[in-house]
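What follows is a set of notes on a single structure, which appears directly below.
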Amino acid sequence: MKYTLKHSALFLAVLATVAAAGAAHAQSNVTIYGLLDVGIDNVNNANAGKSSVTRITSGGQNTSRWGIRGSEDLGNGLKAIFNLEGGLSLDTGNIDGGATQPLFKRQANVGLEGDFGRVVVGRSFTTVYDFMLPFDPMGYAPSYSWATSSNATTGATGSPSKYGMTTAFDNLIKYAGTVGPVKFGASYGFGEQASSAADSRKMAFGAQYGVGPFALVATYEQINGNTVPANGNRDKTTAYHLGASYTEGPLKIQAAVRDYKLDSNVPTTADLRGDLYWGGVTYQTTPAISLTGVVYYQNVKNVAANADADPIMYVGRFKYALSKRTDLYVAAAYAKAKNDKLVSLSRDDAGFGNSQRGVMAGVQHRF
């Protein structure tokens with residue numbers, strides 16, 4: 001049977017019914033949750049004609065999503081857990097990324113939780129994604145954060161080079177645990193290739209240490225391509241992160257660095273390398289108002305001096321909490337690349353000029 005949005009709507013209705021029924025059992029805890037975020041966005045250099053565009057944008061602060069999560073008490077401190085989560089595009093009502101995307105692209109997993117920690121199997125965000133999120137002042141905002149991936153092209157034309165982390169793994173097993181002030185975790189994504197267990201294999205590790213107002217984090221990620229029969233080599237991407245934060249009353253300071261390297265399966269091809277740095281400050285002026293300022297800088301390496309983009313982006317955001325679940329926000333950003341390379345404020349959109357500025361006003365509601 002052909003999969004359509006009509007079938008998707010029916011499936012959502014069935015899942016909601018199941019969740020409501022599950023909530024009635026005392027030993028189970030099932031929650032339907034979501035985040036709806038939409039804004040009005042104006043950017044320049046938005047197309048090949050380098051004109052300005054005003055548009056409705058889904059996900060100004062965070063990607064809109066909905067999900068079902070739950071747990072069952074198995075006794076002796078052991079719980080069965082599950083999570084199904086999909087992204088939404090509020091500007092069209094479609095699945096985030098289009099109707100061809102998986103319904104539960106963000107998360108689809110089941111696992112166990114107890115004194116030993118938490119283990120899930122299926123699809124989930126990686127350990128690196130989980131551990132670095134608290135160290136990005138913009139919280140991985142789709143439009144105005146480069147923490148997951150920067151957006152500058154390697155030449156005057158072409159698609160963006162991400163220099164980023166992999167946000168989620170399919171075929172994953174993930175563990176997270178805590179010992180005193182130390183949190184640690186690991187993710188393993190099976191390649192499931194007949195050629196070799198190492199082909200398409202994905203691994204991620206992370207550790208965080210917190211004491212008083214300080215927190216430190218370190219992560220590592222390795223993503224393999226598939227072996228090329230002609231030379232027996234495979235692509236391999238590695239990314240390291242180091243981050244720190246300081247929180248004192250209404251003030252929070254966050255900073256991090258990522259070292260990215262892509263080893264090509266072609267021995268004569270130069271490695272793709274780049275370091276991303278970011279740092280920002282958030283100040284809670286009142287219980288309802290917060291101000292955030294961030295700088296992201298990508299140092300493109302291993303290319304000719306006149307070929308690197310080395311983009312930089314400046315971001316400012318005003319946020320007003322109408323309640324514990326509803327925020328209004330206004331954000332502005334400016335990005336610039338060297339050597340006439342292309343750059344975009346969004347990690348998902350291609351650049352059409354060597355600079356871009358944007359401003360967005362929006363609302364976010366969590367349920």
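The fraction of Cα-Cα pairs per 5 angstrom bin, counted from 0 for the stretch 81-218, comes to 2, 9, 13, 17, 20, 18, 12, 6, 2, 1, 0 percent, rounded to whole percents.
Sorting 99-108, 219-228 by their mean Cβ neighbour count within 10 Å, with the most densely packed peptide first, gives 219-228, 99-108.
Full extension of the segment from K324 to Y175, taken as 0.36 nm per residue of separation minus the current Cα-Cα distance, would add 50.6 nm. The residues neighbouring I173, those whose beta-carbon lies less than 15 Å from its own, together hold a net charge of +1 under the Lys/Arg +1, Asp/Glu -1 convention.
Between Y314 and Y334, the modelled label-to-label distance comes to 0.4 nm, taking each label 7 Å out from Cα in the direction of the beta carbon. Taken one residue at a time, the phi angles of the stretch 37-54 give Karplus couplings (6.51, -1.76, 1.60, θ = phi - 60°) of 9, 8, x, 9, 10, 10, 9, 9, 6, 8, 7, 4, x, 6, 8, 8, 9, 10 Hz. Gly and Pro are set to x. Global size of the stretch 199-332: 19.7, 63 Å for Rg and Dmax (C-alpha atoms, Rg to one decimal, Dmax whole). Straight Cα distances below 16 angstrom link K183 to the lysines K174, with same-chain residues fewer than 8 positions distant left out. Here the stretch 266-367 is treated as a sphere whose radius is the Kirkwood value from Cα pairs; by Stokes-Einstein at 20 °C and 1.002 mPa s it diffuses with a coefficient of 136 µm²/s. For the stretch 36-183, with all protein chains in place and a probe radius of 1.4 Å, 55% of the accessible heavy-atom surface sits on carbon or sulfur. Using the 1.4 Å probe convention, the accessible area of the stretch 253-356 works out to 46 Å² per residue with neighbouring protein chains retained. Our coupling estimate for the stretch 203-213, obtained by passing each phi through the Karplus curve with A = 6.51, B = -1.76, C = 1.60 and θ = phi - 60°, is 9, 8, 9, x, 8, 9, 10, x, 8, x, x Hz, Gly and Pro reported as x. With Cα atoms as the point set, the radius of gyration and Dmax of the stretch 230-297 evaluate to 18.9, 63 Å.
Straightening the chain between A307 and T54 buys 87.9 nm, computed as 0.36 nm per residue apart minus the Cα-Cα spacing. Sorting 232-243, 345-356, 264-275, 75-86 by their mean Cβ neighbour count within 10 Å, with the most densely packed peptide first, gives 345-356, 232-243, 75-86, 264-275.
One Cα centroid belongs to the stretch 320-352, the other to the stretch 183-232; the line between them spans 28 Å.
Of the listed pairs K252/K319; K236/K336; K105/K202; K236/K261; K50/K336, which have alpha-carbon separations greater than 20 Å here? In this structure, K236/K336 lie more than 20 Å apart at Cα. From its DSSP helices (H runs of at least four residues, each -39,500 (n - 2.57)), the chain gives a residue-normalised ellipticity at 222 nm of -2000 deg cm²/dmol. Within the accessible area of the stretch 248-348, what % is carbon and sulfur when the probe is 1.4 Å and the other protein chains stay in place? Roughly 59 percent of what the probe reaches on the stretch 248-348 is carbon or sulfur. Spin-label pair E192-Q284: with each label point 7 Å from Cα along the Cα-Cβ axis, the two points sit 4.3 nm from one another. Distance from the alpha carbon centroid of the stretch 259-295 to that of the stretch 48-81 works out to 21 angstrom. Summarise the long-distance tail of P(r) for the stretch 171-226 by giving the % of C-alpha pairs beyond 17 Å. Here the long-distance tail beyond 17 Å is 48 percent of all Cα pairs in the stretch 171-226. The residues packed around L78, meaning those with a beta-carbon under 9 Å from its beta-carbon, carry a net charge of -2 if Lys and Arg are +1 and Asp and Glu are -1. From the P(r) of the chain, could you give the percentage of C-alpha pairs in the tail past 32 Å? Everything past 32 Å amounts to 37 percent.
The values are calculated or read from the model by the stated rules, or taken from the named source; none is laboratory data. Given the structure is predicted, the values throughout are model-derived calculations rather than measurements. Here Cβ is always computed from backbone atoms with ideal geometry, including for glycine, and neighbour counts include all displayed protein chains. Ligands, DNA and RNA are excluded from the accessible area calculation, which covers all protein heavy atoms including side chains. Shrake-Rupley method; radii C 1.70, N 1.55, O 1.52, S 1.80 Å.
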